[in-house]
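*Asks:* Before anything else, here's the structure in question.
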Amino acid sequence: MPSLTITTRQTASGPRYVVRYRLGGRASPIVQAGAFRTLKQAKARRDWIGGLIATGQNPADVLRATTARAPARTFADWAEAYRQSRIDVAPSTAANLASQLAVVLRMFGPRDPATITATDVQEWISGLSLKPSTIRRYLATLRLVLDYAEIRPNPARDNRVRLPRQDKEHISPPSGRDVEAIMLNVPARWRLLLTTLAETGMRIGEALAIEWQDVDKAVERIRIRGGKTAAARRWVPIGADLLDEITTVTPPDDRVPERRVFEGTAAAVQNVMARACQSAGIAHFHPHDFRHRWASLQVKRGVPITEIAAHLGHSQNAITWDVYSHVLLDD
């Protein structure tokens with residue numbers, strides 16, 4: 001009488017669930033029908049084998065034919081499937097994911113994900129000549145693809161995998177003189193956008209996403225509708241003079257609700273600011289450094305950290321204090 005069993009075998013990387021069957025009684029040989037990392041996968045194979053036996057088919061013949069028709073999916077196959085599944089991310093995030101996957105695929109592309117070990121991951125990390133923060137992002141991407149391929153346990157999450165030490169970066173916000181020098185050296189068309197960043201502490205992406213329907217002139221505030229958290233989606237107060245200048249630049253008839261208030265891209269703003277710093281003979285600052293400066297000034301003025309965090313769109317006050325509470329020496 002045919003029989004089906006699932007046995008457990010312990011390996012260095014965790015348990016394996018082995019499916020075995022007999023086509024007849026005890027005199028029939030035991031045939032292995034696959035070893036799996038999860039019990040769920042093993043049960044699925046067991047039920048499939050049982051169905052074949054019930055219909056008079058030889059599971060070994062069917063397995064050989066199936067293996068010949070459908071080779072194991074490579075890591076590159078799973079990576080592409082994972083990339084296409086991320087329909088929930090913004091275009092910029094999708095672009096970053098694609099570039100990170102390109103680096104990971106150089107090492108693991110042709111591999112069967114099930115054969116990747118923690119040792120392989122560690123050797124890959126050790127061979128990367130990149131900043132520790134960048135290596136962490138690549139490792140995070142590798143983990144997500146292996147999770148998507150249902151590799152259990154995930155070798156990229158193994159406690160034995162070590163990352164290079166990451167020293168906390170010391171950030172020095174621009175001084176008042178630096179800000180003045182930057183504004184004097186940027187083309188006029190960019191000055192209003194950079195002034196908005198400096199006076200509100202917005203992220204560059206937030207400012208570029210503002211549409212005229214987000215501008216509340218009566219209450220002197222601007223709505224930030226993007227962001228992954230409720231705290232990031234907020235209203236940002238803006239000074240009356242700056243708001244008047246913003247609205248004056250665009251005629252009333254052109255203030256269509258869905259039209260962007262500021263034109264350009266984050267990369268263009270960064271390049272413009274870099275050239276302005278070079279022309280002024282000062283250190284190279286980025287648009288995000290204005291955000292550091294704004295938060296630091298609020299701390300210096302004694303504004304409660306809860307109010308600063310709410311203004312910046314942080315969900316935790318600790319983030320604001322740890323990252324942005326620099327002490328400035330100027331006014």
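The values are calculated or read from the model by the stated rules, or taken from the named source; none is laboratory data. Everything numeric here is computed off the predicted structure, so don't read it as measured data. In this analysis, Cβ positions are derived from the backbone assuming ideal geometry, glycine residues included, and neighbour counts consider all displayed protein chains.
Here's the yes/no breakdown for (1) in contact with a strand residue (DSSP E or B) (Cβ under 7 Å, 6 or more places away or on another chain); (2) assigned to a helix (DSSP H, G or I); (3) modelled with pLDDT of 90 or more:
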{"residue": "Phe285", "(1), (2), (3)": "no, no, yes"}
{"residue": "Asp289", "(1), (2), (3)": "no, yes, yes"}
{"residue": "His292", "(1), (2), (3)": "no, yes, yes"}
{"residue": "Val299", "(1), (2), (3)": "no, yes, no"}
{"residue": "Ala309", "(1), (2), (3)": "no, yes, yes"}
{"residue": "Thr320", "(1), (2), (3)": "no, yes, no"}
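*Asks:* From the list Arg177, Arg233, exactly one residue is touching a Gly at 6+ places or on another chain (Cβ under 6 Å) and more than 23 Å from Ala267 (Cβ to Cβ). Which is it?
*Replies:* Exactly one residue qualifies, and that residue is Arg233.
*Asks:* Can you confirm whether segment 137-146 contains a residue that is touching a Pro at 6+ places or on another chain (Cβ under 8 Å) and either farther than 20 Å from Arg83 by Cβ or among the aliphatic types (A, V, I, L, M) (or both)?
*Replies:* Yes.
*Asks:* On to the next question. Among the residues of segment 85-99, is any assigned to a helix (DSSP H, G or I), under 20 Å from the mean Cα position of the chain (by Cα) and among the acidic types (Asp, Glu)?
*Replies:* Scanning segment 85-99 turns up no residue that is assigned to a helix (DSSP H, G or I), under 20 Å from the mean Cα position of the chain (by Cα) and among the acidic types (Asp, Glu).
*Asks:* Here is a check on your reading of the model: is Tyr82 in a strand (DSSP E or B) and either among the β-branched types (Val, Ile, Thr) or crowded, with 16+ Cβ neighbours inside 10 Å (or both)?
*Replies:* Considered against the rule, which asks whether it is in a strand (DSSP E or B) and either among the β-branched types (Val, Ile, Thr) or crowded, with 16+ Cβ neighbours inside 10 Å (or both), Tyr82 comes out as no.
*Asks:* Can I ask one more? Between a residue in segment 106-125 that is within 17 Å of Arg37 (Cβ to Cβ) and touching a residue at least 12 places away in the same chain (Cβ under 8 Å) and any residue that is of a type in the set (A, V, I, L, M) and surrounded by fewer than 14 Cβ atoms within 10 Å (Cβ to Cβ), which pairs come within a Cβ distance under 9 Å, given they are 6 or more apart or on different chains?
*Replies:* Asp112/Ala72; Pro113/Ala72; Ala114/Ala72; Thr117/Ala12
*Asks:* Separate question: Quick check: is even one residue across segment 243-257 closer than 21 Å to Glu211 by Cα, in contact with a strand residue (DSSP E or B) (Cβ under 8 Å, 6 or more places away or on another chain) and β-branched (Val, Ile, Thr)?
*Replies:* yes
A quick yes/no check of all residues on (1) touching a Ser or Thr at 6+ places or on another chain (Cβ under 7 Å); (2) more than 15 Å from Ser172 (Cα to Cα); (3) β-branched (Val, Ile, Thr):
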site: Val236; (1), (2), (3): yes, yes, yes
site: Asp241; (1), (2), (3): no, yes, no
site: Asp254; (1), (2), (3): no, yes, no
site: Val269; (1), (2), (3): no, yes, yes
site: Ala280; (1), (2), (3): no, yes, no
site: Asp289; (1), (2), (3): no, no, no
site: His292; (1), (2), (3): no, no, no
site: Ala295; (1), (2), (3): yes, no, no
site: Ile308; (1), (2), (3): yes, yes, yes
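*Asks:* While we're on this one: What pairs come up if the first residue lies in segment 246-267 and is farther than 19 Å from Thr200 by Cα and assigned by TED's automatic domain parsing to the domain that holds Arg189, the second is in a strand (DSSP E or B) and at pLDDT 90 or above, and their beta carbons are under 7 Å apart, counting only those six or more places apart or on different chains?
*Replies:* So the pair list comes out as Pro257/Glu211; Glu258/Glu211; Arg259/Glu211.
*Asks:* What's the number of the only condition in (1) without any contact (Cβ under 8 Å) to a residue 12 or more places away in the chain; (2) within 22 Å of the chain's Cα centre (by Cα) that Ala231 fails to meet?
*Replies:* It fails just one condition, (1).
For every residue, the table says whether it meets (1) over 17 Å from Phe75 (Cβ atoms); (2) in contact with a Phe, Trp or Tyr (Cβ under 9 Å, 6 or more places away or on another chain).
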| residue | (1), (2) |
| --- | --- |
| Phe108 | no, yes |
| Asp112 | no, yes |
| Ala118 | no, no |
| Ile135 | yes, no |
| Arg143 | no, no |
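*Asks:* For segment 175-250, list the helices (runs of 4 or more DSSP H) that sit wholly inside it and hold at least 2 residues that are surrounded by fewer than 16 Cβ atoms within 10 Å (Cβ to Cβ) and modelled with pLDDT under 95; which are they?
*Replies:* In segment 175-250, 176-185, 188-200, 240-249 are the helices (runs of 4 or more DSSP H) which contain 2 or more residues that are surrounded by fewer than 16 Cβ atoms within 10 Å (Cβ to Cβ) and modelled with pLDDT under 95.
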